[in-house]
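So the structure is just underneath, and the comments pick up after that.
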Amino acid sequence: MRSASQWCARALRRQPLLPVWLVLVLALSGLYGEFGTVANFRNIAIQASPLIIAAVGATFVIMTAGIDLSVGSMLFLAAAIESSWALASAPAGVVFAAIAATGLLMGLVNGVAVALTRVPALIVTLASMQVFRGAGGHITGQQNIDLPAHLRGIGTSSLLGVPAPVLLAAATALGGVLVFGRTVFGRYLQAVGSNRAAALNAGLPVRAVTIGAYALAGVLAALASLTQTARLGAVQPSIGDGYELTVITAVVLGGTSLFGGRGSITGTVLGALVLTTAQTGLVFSGASPYVFDIVRGGILLVAVIAAGTRWRTLAQALRPAAVS
Amino acid sequence: MPESVRGEGAVKAPSAAPPTRSIKPASWLRDTARRPGWLGDLSMLPALVVLIAVLSVLTEGVLTPSNIINVCSQSAVVAIAAIGATFVILTGGIDLSTGSVIGAGGVTAAWVITSTGSVLAGAAAGILAGTAIGLVVGTVAAKLPVVPFAVTLAALYVVSGATTLLSHGKTIAPVPAGFIEFSIDGPGGVPYSVWLAVVLYAVAQTVLTRTAWGRRVLHVGANVEVARISGVHVARTKASVYAVAGLFSAIAGIVLTSGLAGASASMGGPLLLNIVGAVVLGGTSLFGGRGSLLRTAVGVLFLGFVSNGMSLLGLASFDQQIITGAVIFIAASVDGIGRWSRRRS
């Protein structure tokens, strides 16, 4: 019993977001009778899936002390490619491969630009955000395009009662945890993010790791796009608009530092769940969708300030020790 | 950076072979101490001339007076907002909330104008609102241990969400005809909005180069630690820069309201990349400390002619997005390469 409570305490220290999420769920369930139903939780899980997938990718980028503002546009361009292949009535496997390749290509464009030029990641991805969205607009002609049934399969099918998007998100999260904690690439990511100069001096392949992180984020953005469009059943010009804020908020809320080097995939998943739960709660309350803009902006602000403050107290705590 | 003492020649001058004959600019042009500062600020001017030359070959009517006035009046909003963005970037920061502050300033102004009928009261209210938002954003970004871009990203959505809610997602109109005239006509056939931008650039350039505050901004951007040690109140300077950005964004929002004959919360959003892009294109360093308003003015004109040329060539809006993004990235990487090679040498 004692080890169980110790385990709980440790989990709580490592994931302070978990009780926050549970309280949010309980409060909303108490407020709205319809909220606490299995159908609604299932709905929240499906809605959170694309966000979890994209945010896991963004966690890798932010771990390197980088940033990716283009994630929403990557979602849109991948969806646009999907719609153009769908029109050619290609089999689902070919379409999925094409989308994954698109994601990889977009991620490589970002990664190579960040790693090989001295342009800040913020500006690179601000520019590529525009380029990807423009390219997507070029392909779709800014039209709504309905997807054929065989491409919507991911959104509607399920395995043993678990919806396919949720399975995809869970697999992505599990893969992310493994890559992050059990691979050389994961260790290198942490090293590059916490001290780039030291990583360079230690002979780590800093550029390759950076490019890898952005490429991974691109592939996962494409996967998120696939899940999102399958659920919507159509490709709309507004897909991914403002998505970068939701993704970055989920990552920062999960405890990943914007300064790089410190982060957690589990935290990101919890962050995505908190955001989606809050969004669903706002829908239940009948608030205007613009309230969610204010809420997620406010959450990002609070999360960033909280993260920064923790660093400051840590630095203050360490200072006397350093002097003596 | 005194380039003249950093070259190889300066180190091994006595034993060096006689320099190979090549065409070099006059000595006062090479010596950064004697070269007038504004000359370096115009380094993008040749690129602008080439761009205009290429566009003149590709399409008709680029260099007609009416088209030039057209480019200027269409660039006025971006130009004014880019003044504030230049100050922020000079400190090494970035303001992603510019677009939504344009919306907030414009909507506030339009709301006061439609309810009181006074354009002056509306403009004052809009400017006050924009400056207040900028001051709050700047104080949070500068005084708390946070990443500035995250604060301004959060502010982008909080401000646009709040503005949309308060305006019920509608366009605030109608505004008086005289106010609309502001962006259409003016002395010499050039709209008042363009004259306003010119005056604001002159004022801002003077403030940057001739006032203590301007020097502090450059100082903080060049090296925060040195600035702090030499007694500059870094946090206050950084916060003030975002407030100034809010001020100019609001003015830009009011000019945009006059141009669109009404204001909506979302009207400024798409302008963000062009605003930051104009600053970068002009050659102001994204790492801070190096740049000027003169540079930004050239950058604004460059982007103005790029989009004007694309429209004359009949490119669709999404193709224009692709090219604008690519142009801005290339300009930014040129700045990055320049910095990299200087560090290498």
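The values are calculated or read from the model by the stated rules, or taken from the named source; none is laboratory data. In this text the structure is predicted, and so the values were computed from the model without any measurement. With ideal geometry, Cβ positions are generated from the backbone for all residues, glycine too; neighbour counts draw on all protein chains shown.
Do any helices (runs of 4 or more DSSP H) lying entirely in the stretch A:90-202 carry at least 2 residues that are under 27 Å from B:F318 (Cα atoms), among the polar types (S, T, N, Q) and modelled with pLDDT of 90 or more, and which ones are they?
Output list reads A:92-116, A:121-140.
Test A:V209 against the criterion of being surrounded by 21 or more Cβ atoms within 10 Å (Cβ to Cβ) and at pLDDT 90 or above, and give yes or no.
Taking the combined requirement at face value, the residue satisfies it.
Confirm whether A:V23 is part of a helix (DSSP H, G or I) and over 26 Å from A:V179 (Cβ atoms).
Against the criterion (part of a helix (DSSP H, G or I) and over 26 Å from A:V179 (Cβ atoms)), A:V23 qualifies.
What number goes with the only condition from (1) in contact (Cβ under 8 Å) with a residue 40 or more places away in the chain; (2) of a type outside the set (V, I, T); (3) part of a helix (DSSP H, G or I); (4) under 20 Å from B:S97 (Cα atoms) that B:G169 does not pass?
(3)
Return yes or no: is B:G130 more than 14 Å from chain A (Cβ to nearest Cβ) and either buried (at least 18 other Cβ atoms within 10 Å of the Cβ) or free of Cβ contacts under 8 Å to residues at least 12 places away in the same chain (or both)?
Against the criterion (more than 14 Å from chain A (Cβ to nearest Cβ) and either buried (at least 18 other Cβ atoms within 10 Å of the Cβ) or free of Cβ contacts under 8 Å to residues at least 12 places away in the same chain (or both)), B:G130 qualifies.
Do any residues in the stretch B:306-333 that are more than 7 Å from chain A (Cβ to nearest Cβ) have Cβ atoms under 9 Å from those of residues that are among the aliphatic types (A, V, I, L, M) and not in a helix (DSSP H, G or I), where the two are at least six apart or on different chains, and which pairs are they?
From the stretch B:306-333, the pairs are B:N308/B:V62; B:G309/B:V62; B:G309/B:L315; B:L312/B:V62; B:I323/B:L315; B:A331/B:M44.
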